[in-house]
Ligand SMILES: [Ca+2]
Ligand SMILES: [Ca+2]
């Protein structure tokens, strides 16, 4: 998954490998592609303030609130 949309796939958002996702690491995430992952909630999505791309087809989402994601 290419989280920062630089064309290079990224393992995960934990870029400094301390096993925690800091706010700065969440803010660095520009793209989330989570199609077909059996996800039933994207409740924390509001924290992804710099997100410009969200693909979440074929999941079990009932509702999705991206009103806080101003760049989508
Ligand atoms: Ca990348
Ligand atoms: Ca980290």
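Any read-out appearing in this document is the output of simple, stated calculations on the displayed coordinates, not a laboratory observation. Computed from a prediction, not measured in an experiment: that's the story for all the values here.
Remark: relative contact order (the chain) = 27 percent; criterion is Cα-Cα distance under 8 angstrom and separation of 6 or more residues. Projected over every direction and averaged, the convex hull enclosing the alpha-carbon atoms of the chain yields 4.9 nm². Only helices enter the 222 nm calculation for the chain: every DSSP H run of n ≥ 4 contributes -39,500 (n - 2.57), and dividing by all residues gives -1500 deg cm²/dmol, rounded to 500.
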